[in-house]
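Reviewing the structure listed below.
The values are calculated or read from the model by the stated rules, or taken from the named source; none is laboratory data. From a predicted model like this one, the values you see are computed outputs, not experimental measurements. Virtual Cβ from ideal backbone geometry, glycine too; neighbours counted across all protein chains shown.
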Amino acid sequence: MADEFDKIHGENPLLDLQSYQDLYNRALTAKIQLSSRTRTTIVHSYNGKSVKLDLTRDEYENRCRHLLEKCKTICEIVMQEAGLQWSQIDRILLTGGMTRMPSVRDMIKAISNVPVADDVSPDEAVAIGAAVQGVLSLLSEEDKLGERVLPQEVRDQFSSEDGSLIKVTNITTHTLGVVLWDDGKVEEYVFPMIRKMTPVPVETKNSFGTAKANMKNAIVRVVEGESTVPGECTPLGICDIELPPFLPKGSPVELTYSYNENQVLEVIVDAYGRQNRVQIARNTGLSDSEIETATADLLQIKVV
């Protein structure tokens, strides 16, 4: 749409913030409309000039074809990493407004031949899942404390036939590794301490040798990623420890990675009676200040 406007009027509507937002909203509305109809019209005005663009579902899906192929590839990778076949899946739960696109649903049916769950709205699926996880956490806390707060009906709803709570297994979404030195290849490489898809909480230990003689410190560089090349991984932090003098090359240093369900990684380095530890919080959501701001905003909302 912006290219068409520029082609006709010689002006780029994306350079103006208000025009950019307006065009974004119109494009979003058009995308939603094309999920339920075969064509739509977008009209955008800027600086007293306007452009009208007719868009069909086929044209839109053709523009999105590369994204659809990417989505298909990701689905196949997920199944492969989980060690599952499509025949082992009962139903597929679609999440996010994008899955309302007919081409997305057709792609899922083509690669899986598994029924799609239509009884949950794609727009609400993630929020419902978070609510379920929250209730399960409360019920687990009740079992630990020996006190019942929630009604028995709620516990029954989230329990299996034998009376035990539904179990949700959290896993690591990326490999957590450490950067080491390879004397043979004369280069650094990443050694995986906790591999991707490992159930959490988890703790692993390993022993490594110093890279050279008389090292003053052992520096542990913690990274995240699937590559063995340090530059292709995401650095998470550093934990170092002072070493005794005159140690020979290859002197042992013990490294421990402990990863919990709150996505906190604790790194412990032990060497010759000395120890140092750091905690790395891998928060992918809101920061503490953002949570406080959001909470304050919610408290101002009044339901009439």
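Can you confirm whether ASP143 is at pLDDT below 90, surrounded by fewer than 12 Cβ atoms within 10 Å (Cβ to Cβ) and not assigned by TED's automatic domain parsing to the domain that holds VAL269?
Details: at pLDDT below 90: yes; surrounded by fewer than 12 Cβ atoms within 10 Å (Cβ to Cβ): no; not assigned by TED's automatic domain parsing to the domain that holds VAL269: yes.
Answer is no for this residue.
Looking at segment 236-253, which of the residues that are assigned to a loop (DSSP other than H, G, I, E, B) and hydrophobic (A, V, I, L, M, F, W, C) is nearest to GLU203 (Cα to Cα)? Spell out the reasoning first.
Of segment 236-253, the ones assigned to a loop (DSSP other than H, G, I, E, B) are 243-251.
When the remaining residues are screened for being hydrophobic (A, V, I, L, M, F, W, C), the result is 243, 246-247.
On the way: LEU243: 24, PHE246: 31, LEU247: 28 Å.
Ranking the qualifying residues of segment 236-253, first place goes to LEU243.
Run down ASP58, ASP16, ASP54, ASP22 and say which single residue is touching a Phe, Trp or Tyr at 6+ places or on another chain (Cβ under 9 Å) and under 25 Å from GLY97 (Cα atoms).
On the way: ASP58 fails: touching a Phe, Trp or Tyr at 6+ places or on another chain (Cβ under 9 Å); ASP16 fails: under 25 Å from GLY97 (Cα atoms); ASP54 fails: touching a Phe, Trp or Tyr at 6+ places or on another chain (Cβ under 9 Å).
Selected residue: ASP22, the only one of ASP58, ASP16, ASP54, ASP22 that is touching a Phe, Trp or Tyr at 6+ places or on another chain (Cβ under 9 Å) and under 25 Å from GLY97 (Cα atoms).
Would you be able to tell me the number of residues in segment 88-115 that are touching a Lys or Arg at 6+ places or on another chain (Cβ under 9 Å), β-branched (Val, Ile, Thr) and assigned to a helix (DSSP H, G or I)?
The number of residues fulfilling the criteria is 3.
Mind checking which pairs have a first residue in segment 254-282 that is within 12 Å of VAL202 (Cβ to Cβ) and a second that is surrounded by 13 or more Cβ atoms within 10 Å (Cβ to Cβ) and among the small types (Gly, Ala, Ser), Cβ under 7 Å, 6 or more apart or different chains?
These pairs meet every condition: GLU266/SER258.
Could you look through segment 49-81, keep only residues that are surrounded by 12 or more Cβ atoms within 10 Å (Cβ to Cβ) and not in a helix (DSSP H, G or I), and pick out the one that is nearest to the chain's Cα centre (by Cα)?
Applying the filter and picking the extreme gives CYS64.
Is at least one residue of segment 99-109 polar (S, T, N, Q) and exposed (fewer than 13 other Cβ atoms within 10 Å of the Cβ)? Talk me through it step by step, then tell me what you get.
In the first step, residues of segment 99-109 are kept if they are polar (S, T, N, Q); the result is 99, 103.
With exposed (fewer than 13 other Cβ atoms within 10 Å of the Cβ) added as a condition, the list becomes none.
So far as segment 99-109 goes, no, none of its residues is polar (S, T, N, Q) and exposed (fewer than 13 other Cβ atoms within 10 Å of the Cβ).
Mind counting the residues in segment 199-214 that are in contact (Cβ under 8 Å) with a residue 40 or more places away in the chain and over 16 Å from TYR272 (Cβ atoms)? Break it down stepwise before answering.
The first filter runs over segment 199-214 and keeps only residues in contact (Cβ under 8 Å) with a residue 40 or more places away in the chain, leaving 200-210.
Filter once more, keeping what is over 16 Å from TYR272 (Cβ atoms): 200-206.
So the count comes out to 7.
Based on this model, can you work out whether GLU254 counts as modelled with pLDDT of 85 or more and among the acidic types (Asp, Glu)? Break it down stepwise before answering.
Working: modelled with pLDDT of 85 or more: yes; among the acidic types (Asp, Glu): yes.
Yes; evaluated as a whole, the condition is true for this residue.
Step by step: first the residues of segment 159-179, then only those that are within 15 Å of the chain's Cα centre (by Cα) and of a type in the set (S, T, N, Q), then the one that is nearest to GLU224 (Cα to Cα). Which residue is that?
If we take residues in segment 159-179 being within 15 Å of the chain's Cα centre (by Cα) and of a type in the set (S, T, N, Q), then THR175 is nearest to GLU224 (Cα to Cα).
Please give the number of the condition VAL43 fails out of (1) in contact with a Lys or Arg (Cβ under 9 Å, 6 or more places away or on another chain); (2) in a helix (DSSP H, G or I); (3) farther than 19 Å from GLY97 by Cα; (4) not polar (S, T, N, Q).
Here VAL43 meets the rest and fails (2).
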